[in-house]
Structures are given as C-alpha cells and as structure tokens.
2 protein chains.
Amino acid sequence: MNTLEAIFSRSSYRGTYLPDRVPREDLETIMRTGLAAPSGCNKQTVSLIAVDDPALLHSLRSAVPYAVGDTAPALILVLTKRVCAYRNQCFCAQDYAAAIENMLLAIVELGYQSCWVEGYITDSDHLGHKLADILGVPQEYEAVCYLPVGRAKDEPTHVTKKPFGERAWFNGFGNGDGRA
Amino acid sequence: MNTLEAIFSRSSYRGTYLPDRVPREDLETIMRTGLAAPSGCNKQTVSLIAVDDPALLHSLRSAVPYAVGDTAPALILVLTKRVCAYRNQCFCAQDYAAAIENMLLAIVELGYQSCWVEGYITDSDHLGHKLADILGVPQEYEAVCYLPVGRAKDEPTHVTKKPFGERAWFNGFGNGDGRA
C-alpha cells in the first residue's frame, strides 16, 4: 500500500475487533512511526506506552466508561510533556497529533484498524489521569489519547466530508481553478 | 513507496528548492490528503490554500522575514476555524496537525520536500494575519502554518532523536520488553 492509499483508506473504526494478538514487532513498528513525526523545535514531547497485557487492558477499560476499542487486543497510550518549544509557545498538541496520525497510517498499512480516542480522556472527568496512574506514569506527563490496535471484525466505514471546493483553493480564499 | 518508508524518510527540509513548477494535479492531491485526516467530532476545522502564482508567492514572502522555503515554487497555507467539537473542547490544533502530517507524507510520496512552518507565523508578531490578508481570508479563519512544496536541490538531512527506549515502552511507563 502506498502512502496515498493508506491516507485515503484510514477511517475511525468503532466496530468490534478480532481477538488475534498483535505481535510485539508490529506494536514497536507502529510506535516508531509515531516517534518519527516532527515536533516543534525537535522537543520530542511525545511518549508512548503499548499495552497488550490482558489484565492491564481490563484495568484500563474499567477506568473508561466508553466502548470504542474495548474489544481490541492492544492499545497505545499517548503521553505528552507540556514544554515550551519556541519563545513561550508550546506545540505539544501539534506534536502528539502528528505522531498519532503517523501511527494511524502505520496501523492501516499493517492491516489493523484503530480510532483516535482523545476527548473522553482529557475532559473535565480527567480519565486520562486514571489511565496514567494504572501504568505508573510520572506526574510531569499527561495521557491525552489512546489508540486501540487490532484486526477488524466489521467492515470499516467512512464519515462524510465536505466537498474539496468548500475547504481548499488556489491562490486565494474561495478561488477555484483560476489564478488570483 | 509504502507508508512506513514515507514516514521514516520524511524530514524538515530547510535547503534550496529547484524552480520546477509543481503541477496543479499534485498540489490538489496533497491538499486532498490533508482534508482526509480525521478531525475531532468530524468538525473539519481545516481549510487550505495552495499558492503557485509567482507574484503572490513574492508578496507572501515579503511579509515573512524567514528564509525557510523561500525558493519553493509553491506553498500551502493552512487555515483553522477555532470551534468547539465536544463539550467545551476545541481540537483544532490536533485537526490541523494531523492534516499537515498527511500532507508532509504525501509530499514525500510524490517526490517533493517541505517543512512545517508554524511558530514564526503564529507568534506575537501575528505574521499569519498578514498572509491571510494577502489571500483574502475571512476573519473567522486563522492562518497557522505554511508548507513550502517543491523538489529539493540539496540532500535532505534528519535531526537526531532520542532512542526508542527513552520514549516508548510496553505495559508500563519505563518498561522494556517485559510485561508489567
């Protein structure tokens, strides 16, 4: 699969996963793609924990009353350190989002499915803190997202997006093919 | 090139670009990959403007006293709309970062180079506002990044990153191969 195929076939999978174990080698490859993403001023604010231990997966799921990915045989927890990169600017959200996107594409490339689960764990309930505690994460790191990883049982579906011409133009806002 | 090759060969190119024009078809493909990225609650907060008009490129460059990409025959300006996606959470930084990462990978796949230029235009100088004004961008959008696009004249280089074991673990923070 080339990069464009992976990008256009990726979707947020909210179905059931097959129980097949994900080889450690694949989890490591996926994490390496995340760490290969660029980061503001190369601060490398992202860290990752892959979880495939059934008892730990059960503990993590018990802490999050949200069903997406709860049948997946593995997940990757995304951690960030909120440090300044340039003057007083912090790019950690951009850093971890780029890392997540790389991992989502690698997951597709390797034949798995996933879904970016963020809002439910960074909300005012602070579920991310509970996940971090279970995995022994120090307080200077924040758990911001997890990605289930596994083979899909159901057919992945795609959301509807606005037409290209409503979101992208040439040489000026709202322009079609013409030059400004 | 498969997805993993694109991910591991991507780097932030700060060298000189060849003057060869980037076909509109390629710019459109790159923008389509950006728009194919996931967004929080599918809010699609990202919009894009590709610029290949020489006079416009000159105007944009005159507004940014920063040399990276100033020889590139095209650039893509990334716009965001800061809207809430879930409760009071706004994921627009994550949305545009995922879109940018997709585009950086597509750029590599198509044989071009680029560099994520963000901090210089979103800083307190508000250079992004000047770029947005030149391209007629309405006030509800914010210009947050541009990506030069073109063929490299120089050999791309890679930054040094921390070892895998300092940023990624299995089944617990700081764990190596063992299970927690």
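Taking 8 Å as the Cα distance limit and 6 or more residues as the minimum spacing, I'd like the relative contact order of region B:78-170 as a percentage. Intermediate values should be presented prior to the final figure.
Details: 84 pairs, mean separation 30.3, N = 93.
Worked out over region B:78-170, it gives 33 percent.
Label-to-label distances across copies for B:ASP123, with labels 7 Å out along Cα→Cβ, in nm, shortest first?
Sorted ascending, the copy-to-copy spacings read 3.8 nm.
Taking the beta-carbon count within 10 Å as an exposure proxy, list A:LYS162, A:LYS130 from fewest neighbours to most. Numbers along the way, then the final one.
Working: A:LYS162 12, A:LYS130 16.
With the fewest neighbours first, A:LYS162, A:LYS130 line up as A:LYS162, A:LYS130.
Under the convention of a label 7 Å out along Cα→Cβ, give the distances in nm from A:CYS84 to the same position in every other copy, shortest first.
3.0
Using θ = phi - 60° and the Karplus curve 6.51 cos²θ - 1.76 cosθ + 1.60, what whole-Hz ³J(HN,Hα) does each residue of region B:124-129 get, with Gly and Pro shown as x?
5, 6, 6, 4, x, 4
Counting each DSSP H run of 4 or more residues in chain A as -39500 (n - 2.57), what helix-only mean residue ellipticity at 222 nm follows after dividing by all residues, to the nearest 500 deg cm²/dmol?
For chain A, the value works out to -9500 deg cm²/dmol.
Would you kindly compute the Cα radius of gyration of chain A and its largest Cα-Cα separation (Dmax), both in Å?
17.8, 60
Going by amide H atoms built from the backbone, whose H comes under 5 Å of the H on B:VAL117, apart from near neighbours?
Amide H neighbours of B:VAL117: B:TYR146.
Once you have a ≥ b ≥ c as the square roots of the Cα gyration tensor eigenvalues for the protein assembly as shown, tell me rounded if a/c is under 1.5, and otherwise prolate or oblate according to whether a/b is larger than b/c.
prolate
For A:ALA63, place a label point 7 Å from Cα along the Cα-to-Cβ direction in every copy; what are the distances to the other copies, in nm, shortest first?
With the label placed 7 Å along Cα→Cβ, A:ALA63 yields 4.5 nm.
Please work out the C-alpha center-to-center distance from region B:105-143 to region A:78-132 and express it in whole Å.
22
Under the definition of Cα pairs under 8 Å and six or more residues apart, what whole-number percent is the relative contact order of region A:36-140?
33
May I ask you to sort A:CYS145, B:CYS84 by Cβ crowding, counting other Cβ atoms within 10 Å and putting the fewest first?
Going from sparsest to densest Cβ surroundings: B:CYS84, A:CYS145.
In nanometres, what is the gap between the two model label sites at B:LYS130 and A:THR157, each 7 Å from Cα along Cα-to-Cβ?
Between B:LYS130 and A:THR157, the simple spin-label model gives 4.8 nm.
Among B:GLN89, B:GLY150, B:ILE121, pick out the residue whose Cα is farthest towards the positive end of the charge dipole of region B:75-169, where Lys and Arg carry +1 and Asp and Glu carry -1 on C-beta, about the Cα centre.
Checking the options against the dipole of region B:75-169, the answer is B:GLN89.
Pull up all non-local amide H partners of A:TRP169: gap of 5 or more, or a different chain, and H-to-H distance under 5 Å with H placed in the peptide plane.
B:LEU48, B:ILE49, B:ALA50
Specify the residue with the greatest mean-square fluctuation among A:ILE134, A:ILE107, A:ILE121, computed from a Gaussian network of chain A linking alpha-carbon atoms under 10 Å apart.
Among A:ILE134, A:ILE107, A:ILE121, the largest GNM mean-square fluctuation belongs to A:ILE134.
Any idea what angle helix B:54-63 forms with the longest principal axis of chain B, computed on alpha-carbon atoms, 0 to 90 degrees, nearest 10?
With both axes taken from Cα atoms, the answer is about 70 degrees.
Hey, fewest Cβ within 10 Å first, where do A:VAL149, A:VAL159 land in order?
Going from least to most buried by this count: A:VAL159, A:VAL149.
With +1 assigned to the C-beta of every Lys and Arg and -1 to the C-beta of every Asp and Glu, and no other charges, what is the dipole magnitude of the protein assembly as shown about the Cα centre in debye, to the nearest 20?
320
For B:ALA67 and B:GLU140 in the same chain, what is the full-extension length gain: residue separation times 0.36 nm, less their Cα-Cα distance, in nm? Can you show the working numbers first?
Working: separation 73, 0.36 × 73 = 26.28 nm, distance 2.80 nm.
Additional length available on full extension: 23.5 nm.
Which of the trypsin sites (Lys or Arg not before Pro) across region B:19-70 are loop residues per DSSP, with 16 or fewer other Cβ within 10 Å?
Here the trypsin sites (Lys or Arg not before Pro) that fit, given the DSSP loop and packing criteria, are B:ARG21, B:LYS43.
Measure nothing fancy, just the Cα-based angle from helix A:92-109's long axis to the longest principal axis of chain A, in degrees from 0 to 90, nearest 10.
It works out to around 80 degrees.
Please build a GNM for chain B, connecting alpha carbons under 10 Å apart, and tell me which residue among B:SER59, B:SER47, B:SER11 fluctuates the most.
In this elastic network of chain B, the residue with the biggest mean-square fluctuation among B:SER59, B:SER47, B:SER11 is B:SER59.
Calculate the spin-label point distance for A:SER9 paired with B:GLU5, positioning each point 7 Å from the Cα along the beta-carbon direction, and give it in nanometres.
Between B:GLU5 and A:SER9, the label points sit 1.6 nm apart.
Only the coordinates and a few stated rules stand behind these numbers; no lab work does. Worth saying up front: this structure is predicted, and the values here are computed from it rather than measured. Reconstructed Cβ throughout: ideal geometry from the backbone, glycine too, with neighbour counts over all protein chains shown.
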